[in-house]
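The values are calculated or read from the model by the stated rules, or taken from the named source; none is laboratory data. In this text the structure is predicted, and so the values were computed from the model without any measurement. Positions of Cβ are backbone-derived with ideal geometry, glycine not excepted, and every protein chain shown enters the neighbour counts.
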Amino acid sequence: MNSILSEISKKELSYTKTEKLISEYILKLKENIISYSSFDLAKELGVSQSAIMKFIKKTCGVGFTEFKILLIKEYDIINNQERALNHDNISLTDSLEKVSRAIISESITSLSRTLDQLKLESVKECIDAIDSSNRIFLAGLGASSLPAFDLSSKLMKIGITAIWYQDTDSIQAAAFSAKPNDLFIVFSYSGKTKKILNILKTAKENDAKVALITKNISSPQSEIADIVIEIISNETDLRTSAMSSRIVFFSIVDILFLGTIKKDINKRLELVRNMSLFTNEDKL
C-alpha cells in the first residue's frame, strides 16, 4: 500500500471543508491522533464521528483501526529519519542555514513522493504520444509556463515540432486550429485554471490529444485530459515562488525528454551532440 500520508495529501485539493480540516490535522503527524478513537478525534475537531470514518475510508480504503496501525508504522519510519523541514517551519527570522535546509529538504521530499506515486503507464503513454504526434503544443500559466518552455526547447533539439506560447491567447488560437494528430501538453499545478481548462476543451473538440501534468488528479482539467501525470508537492503560503513543484515539474520534463530520445536513440542522440557542438563554439 502507498504511504498513508501521501494518500491523504494528494487528494487535498478536492476535499470538502470538513475533509480538509481532518486532513490538515492528520498531516501534522501529531502522536495523539494514534491514541485517539474515532469518537475522540471527531470531538477534538468538532466534526461527526461518521465524517472521520468516511474520510479514512475514502482516502485510505481502510477502517479507522487499520488506519492507526498503518499510521503508527509510518510515523515510526519518519521519526527514525531526520524530520524533513518544510515552508511551514520557516519564518523571516530564521537563519539562512535553516531556510536552506528547509527548501532543499522539501524538494527532496516532493521528488521522492512523486516517484512513489508515479504511474509509469501514463508516462510511457505520454512519450508515445510525443513520438507519434504531428505537432506538439505546450502551455502553462505563471511558474508552470517554465517547464512547458523547457520541454519545448528540449524536444526541438531532437527534431520534434514542439511549440510553446507564453500567452494564453496564442495557445487558445492553436487549440481552435488543432488537428487529430496534434498533442497538447499542459503543466497546471492546481488543475483549476479556467483559461487552461477552456484551451483543453477546445483542443479535445478538435480531436487533439491532451496530456496534463498536475497535482490535482480530480480536477476538471484531469477529467478532460487523455493522459494525466501526477506530481506530489506541498505548497503553502510561499506558493508564489512555486519552489518544490517547480523542481518536480522539471524532473518530469527530463523523464519525458529522455524517454523520447530512447524511441529513436541513434538519430536523436546525434542531434543532441550536434547541438552541443554548435553551442560550444560560442564558449571561450
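When you check Val47 against the structure, is it among the β-branched types (Val, Ile, Thr), surrounded by 14 or more Cβ atoms within 10 Å (Cβ to Cβ) and within 27 Å of Ile231 (Cα to Cα), yes or no? No.
Among the residues making up segment 135-172, those that are crowded, with 16+ Cβ neighbours inside 10 Å, β-branched (Val, Ile, Thr) and in contact with a strand residue (DSSP E or B) (Cβ under 7 Å, 6 or more places away or on another chain) are Ile136, Ile160, Ile163, Ile171. List every residue pair whose Cβ atoms sit under 7 Å apart, with the two residues 6 or more apart in sequence or on different chains, where the first one lies in segment 93-117 and is closer than 15 Å to Ile255 by Cβ and the second, anywhere, is among the charged types (D, E, K, R) and at pLDDT 80 or above. The qualifying pairs are Gln117/Glu230. Restricted to segment 52-157, the set of helices (runs of 4 or more DSSP H) holding at least 1 residues that are at pLDDT 80 or above and among the aliphatic types (A, V, I, L, M) comprises 96-117, 120-132, 145-157.
Under the condition of being closer than 25 Å to Pro180 by Cβ and hydrophobic (A, V, I, L, M, F, W, C), the residues counted in segment 109-152 number 11.
Annotation: of all residues in segment 199-229 being under 21 Å from Lys124 (Cβ atoms) and of a type in the set (D, E, K, R), the one that is modelled with the lowest pLDDT is Lys215.
Among the conditions (1) outside any helix (DSSP H, G or I); (2) within 26 Å of Ser14 (Cα to Cα); (3) at pLDDT below 90, the only one that Val47 does not satisfy is (3). Among the residues making up segment 171-186, those that are part of a helix (DSSP H, G or I) and among the aliphatic types (A, V, I, L, M) are Ile171, Ala173, Ala174, Ala175. If the condition is being surrounded by fewer than 22 Cβ atoms within 10 Å (Cβ to Cβ), touching a residue at least 40 places away in the same chain (Cβ under 8 Å) and assigned to a helix (DSSP H, G or I), then segment 187-202 contributes only Lys195. Checked across segment 251-264, the condition of being modelled with pLDDT of 85 or more and touching a strand residue (DSSP E or B) at 6+ places or on another chain (Cβ under 6 Å) holds for at least one residue. Of the residues making up segment 164-185, those that are at pLDDT below 95 and among the β-branched types (Val, Ile, Thr) are Thr168, Ile171.
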